[in-house]
1. Quick one: in the stretch 61-76, of everything that is of a type outside the set (Gly, Ala, Ser) and in a helix (DSSP H, G or I), which residue is nearest to Lys162 (Cα to Cα)?
2. Quick check on the stretch 141-173: of everything there that is without any contact (Cβ under 8 Å) to a residue 40 or more places away in the chain and assigned to a loop (DSSP other than H, G, I, E, B), which residue is farthest from the chain's Cα centre (by Cα)?
3. For the stretch 2-59, how many residues are outside any loop (DSSP other than H, G, I, E, B), within 11 Å of the ligand (Cβ to nearest atom) and small (Gly, Ala, Ser)?
4. Looking only at the stretch 95-109, count how many residues are open to solvent by less than 30 Å² (accessible area, probe 1.4 Å) and touching a residue at least 12 places away in the same chain (Cβ under 8 Å).
5. So if I check each of Leu249, Leu223, Leu234, which one is modelled with pLDDT of 90 or more and open to solvent by 60 Å² or more (accessible area, probe 1.4 Å)?
6. When the stretch 110-136 is examined, which residues are found to be assigned to a helix (DSSP H, G or I), open to solvent by less than 30 Å² (accessible area, probe 1.4 Å) and polar (S, T, N, Q)?
7. For the condition modelled with pLDDT of 95 or more, among the aromatic types (Phe, Trp, Tyr) and either assigned by TED's automatic domain parsing to the domain that holds Pro40 or part of a loop (DSSP other than H, G, I, E, B) (or both), what is the one hit in Tyr200, Tyr208, Tyr195, Tyr212?
8. Scan the stretch 77-94 and give yes if some residue there is within 16 Å of the ligand (Cβ to nearest atom), surrounded by fewer than 21 Cβ atoms within 10 Å (Cβ to Cβ) and in a helix (DSSP H, G or I), otherwise no.
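The values are calculated or read from the model by the stated rules, or taken from the named source; none is laboratory data. As the structure is a prediction and not an experimental result, all values here were calculated from the model. Counting neighbours? That spans all protein chains shown, and the Cβs are built from the backbone with ideal geometry, glycine included. Calculation scope for accessible area: heavy atoms of the full protein, side chains included, ligands and nucleic acids excluded. Shrake-Rupley method; radii C 1.70, N 1.55, O 1.52, S 1.80 Å.
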Amino acid sequence: MYSNKLYTPLRYPGGKAQFAPFIARLMEENGLAGGHYLEPYAGGAGVALELLFHGHAEHIHINDLDPAVHAFWVAVTQESDALLDLLHQTPVDMEQWFRWRSVLRGESTGTVVERGFATLFLNRTNRSGILKGGVIGGLAQSGTYKLDARFKKDVLAARIKKIAQHADHITVHCEDALALLSRATRLLPVRSLVYLDPPYFVKGRGLYRNYYEHQDHLAIARLLQSRQFRRPWLVSYDNVNEIRQMYELSRGLSYGLSYTAQQRYIGSEVMFFSQRLSVPDGAIPQSQLVA
Ligand SMILES: C[S@@+](CC[C@H](N)C(=O)[O-])C[C@H]1O[C@@H](n2cnc3c(N)ncnc32)[C@H](O)[C@@H]1O
């Protein structure tokens, strides 16, 4: 499989790093290689990091509205030595889990590095990386896997160092995606690509600390498809009627096949692309155009 976990220190449910080769081809085919790349809902930013490290993008913008996720990206890109110190010094046990959870929740104060480390600690010790979720192995630590099952310090340290080495080419933002996208023309040079991976329409609730209502999804769809928005973009979603309607002006590609009673096969996920973007053929296995 592709490198879902190769570069990002954060685990994300439904992380999209496997799309990086496709997005690299998209940039190549559309004369965008070597340009800027923005993820307004970055989470683990797996795609962005791969594009930067492999030279497909010259500069990446990592935005996430969750202040905990933002603090992590600030810590890695601006205070990596202090972050690495915390990583080396902190035992991975339940006492620390409670400590960092209280930092994450804002119950005890912390510097930006401490808040960033709290995000990393909880992301790597909670089930599925869900920040507001439960600890791996349960509070009694009686499960087969214990909280340190996904916490390999040497691997995490290597990833943090690699990102820090590229920090001059990374801008970190903590804005509502709609606000950030509203100034995309000023923020991004013409040779740029925006990839949006918003919270899923149906499954988004519960997974993240921020979630979207119907109106929020619609506002993004309207902005992207308006004349006012002048940078190439693609968006990925769960393949549901409401989303297909919002993006009916745009070409779509469905993938991730599943079975329904109405249609023999329907992609369970979907991508939509801005008007002038040429989409490489067959780049996503078993994908099909959405009518
Ligand atoms: C589907 S996840 C992104 C996962 C990411 N593509 C990856 O591969 O790791 C959605 C992210 O969007 C963030 N988010 C939710 N609402 C947002 C908003 N209005 N503006 C910016 N970010 C938001 C969440 O905090 C979450 O980290």
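1. Of everything passing the filter in the stretch 61-76, Val76 is nearest to Lys162 (Cα to Cα).
2. If we take residues in the stretch 141-173 being without any contact (Cβ under 8 Å) to a residue 40 or more places away in the chain and assigned to a loop (DSSP other than H, G, I, E, B), then Ser142 is farthest from the chain's Cα centre (by Cα).
3. Looking only at that region, the number is 4.
4. 5
5. Being modelled with pLDDT of 90 or more and open to solvent by 60 Å² or more (accessible area, probe 1.4 Å) holds for just one of Leu249, Leu223, Leu234, which is Leu249.
6. Thr119, Asn123, Thr125
7. Just a single option satisfies the conditions, and that option is Tyr195.
8. The answer is no; no qualifying residue exists.
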